[in-house]
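S.K.: There's a structure below that I have some questions on.
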Ligand code: PEP
């Protein structure tokens with residue numbers, strides 16, 4: 001099996017202003033020591049703080065991600081920003097299609113792949129999110145929904161760039177609820193995603209990192225990241241304080 005470097009990314013959503021962002025990114029930079037070279041760590045701060053976050057993280061192994069990115073290069077898109085705007089700051093990753101963007105801001109299987117495509121074209125690593133709602137899980141539609149969302153994304157990815165893609169399986173019922181998917185539930189869906197990747201990209205599927213997201217914390221990270229296809233975590237609440245995100249990263253050390 002290919003060796004995939006575990007990857008944890010914090011999603012700070014609409015928390016932390018500039019000063020708190022500087023403080024937490026600095027704490028990540030200072031605390032990443034043991035993880036360096038073994039587990040990749042990134043955070044996605046509020047857009048207005050990206051400049052400050054990049055300034056503090058510059059030259060360190062801590063990567064800065066955006067929570068969203070538009071597919072156009074420029075133009076009349078009030079409230080959006082392009083890949084070039086992010087790259088100019090030093091941002092290296094972009095979350096695409098987080099379930100909150102899908103539920104609250106109209107992202108769907110048309111716009112999410114466009115965001116992923118733009119990120120890949122512009123040299124950013126897309127962290128593309130998929131996941132079913134509670135209702136869909138209860139109706140036994142998890143495989144169908146995740147399959148549809150994943151296929152829409154994979155359709156626009158070329159074979160020679162697939163290893164740059166990160167996919168995050170985030171069951172909506174587990175996000176911010178304190179009720180994480182069990183390791184078995186997460187592995188089951190990750191294995192399905194890996195199989196879809198293999199169908200399109202053959203052996204390269206083994207190079208793609210699949211994050212799990214949904215109430216990951218320091219005390220459940222290790223058991224989730226022990227699963228063969230869970231290569232990291234996308235973390236909301238438990239990423240707001242740097243020591244907690246680093247402790248989650250420690251959970252990935254067993255894979256390193
Ligand atoms: C998220 O927002 O992507 C997330 C997984 O949140 P939480 O860890 O708080 O469930």
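Where a number appears in this text, it was derived from the coordinates with a stated rule and is not lab data. All figures in this text were calculated on a predicted structure; none of them were measured in a lab. Using ideal geometry, Cβ is built from the backbone for each residue, glycine included, and neighbour counts are taken over all protein chains shown.
S.K.: Using a Gaussian network model of the chain whose springs link C-alpha atoms within less than 10 Å, name the residue from 57, 94, 20 with the highest mean-square fluctuation.
M.R.: 20
S.K.: Then there is this: Using the Kirkwood formula over every pair of different C-alpha atoms, what hydrodynamic radius in Å results for the chain?
M.R.: With all distinct Cα pairs of the chain included, I get 17.9 Å.
S.K.: Roughly what % of Cα-Cα distances in the stretch 1-151 sit above 18 Å, to the whole percent? Don't skip to the answer; put the middle values down first.
M.R.: Numbers: 6882 of 11325 pairs.
The share of Cα pairs beyond 18 Å in the stretch 1-151 comes to 61 percent.
S.K.: Still on this model: Can you tell which of 100, 151, 40 shows the greatest fluctuation in a Gaussian network model of the chain with Cα springs below 10 Å?
M.R.: 100
S.K.: With springs only between Cα atoms under 10 Å, which of 239, 60, 82 fluctuates most in a Gaussian network model of the chain?
M.R.: Maximum fluctuation in the GNM of the chain, among the listed residues, is at 60.
S.K.: Which whole-number percent is the relative contact order of the stretch 166-244 (Cα, under 8 Å, 6+ apart)?
M.R.: Details: 121 pairs, mean separation 29.7, N = 79.
Contact order relative to length: 38 percent.
S.K.: How are the C-alpha pair distances of the stretch 157-219 spread across 10 Å bins, as whole percents from the shortest bin up?
M.R.: Per 10 Å bin, starting at zero, the Cα-Cα P(r) for the stretch 157-219 comes out as 22, 46, 25, 7 percent.
S.K.: Over the stretch 7-253, what is the mean sequence separation of C-alpha contacts under 8 Å (at least six apart), divided by residue count, expressed as relative contact order in percent? Walk me through the intermediate numbers first.
M.R.: Numbers: 504 pairs, mean separation 52.9, N = 247.
For the stretch 7-253, the relative contact order is 21 percent.
S.K.: Just how far, in whole angstrom, is the stretch 194-239 from the stretch 42-121 if you go by their alpha carbon centroids?
M.R.: A separation of 21 Å, based on Cα centres.
S.K.: Taking square-rooted eigenvalues a ≥ b ≥ c of the alpha carbon gyration tensor, is the stretch 136-256 rounded, prolate or oblate, where a/c under 1.5 means rounded and, failing that, a/b exceeding b/c means prolate?
M.R.: oblate
S.K.: So how far apart, in nm, are the two label points at residue 182 and residue 158 if each is 7 Å from Cα heading toward Cβ?
M.R.: Distance between the two pseudo-spin positions: 4.4 nm.
S.K.: Put a dot 7 Å past each Cα toward the Cβ at residue 121 and residue 3; how far apart are the dots in nm?
M.R.: 3.6
S.K.: Another one. What FRET efficiency, computed as 1/(1 + (r/R0)^6) with R0 = 30 Å and r the Cβ-Cβ distance, is obtained for residue 143 and residue 72, rounded to the nearest 0.05? Write out the running numbers ahead of the final one.
M.R.: Numbers: r = 33 Å, r/R0 = 1.11.
According to the calculation, E is roughly 0.35.
S.K.: Separate question: Please state the relative contact order of the stretch 9-79 as a whole percent: Cα pairs under 8 Å, 6+ residues apart? Present the calculation step by step, with values, prior to reporting the outcome.
M.R.: Details: 84 pairs, mean separation 27.1, N = 71.
Computed over the stretch 9-79, the figure is 38 percent.
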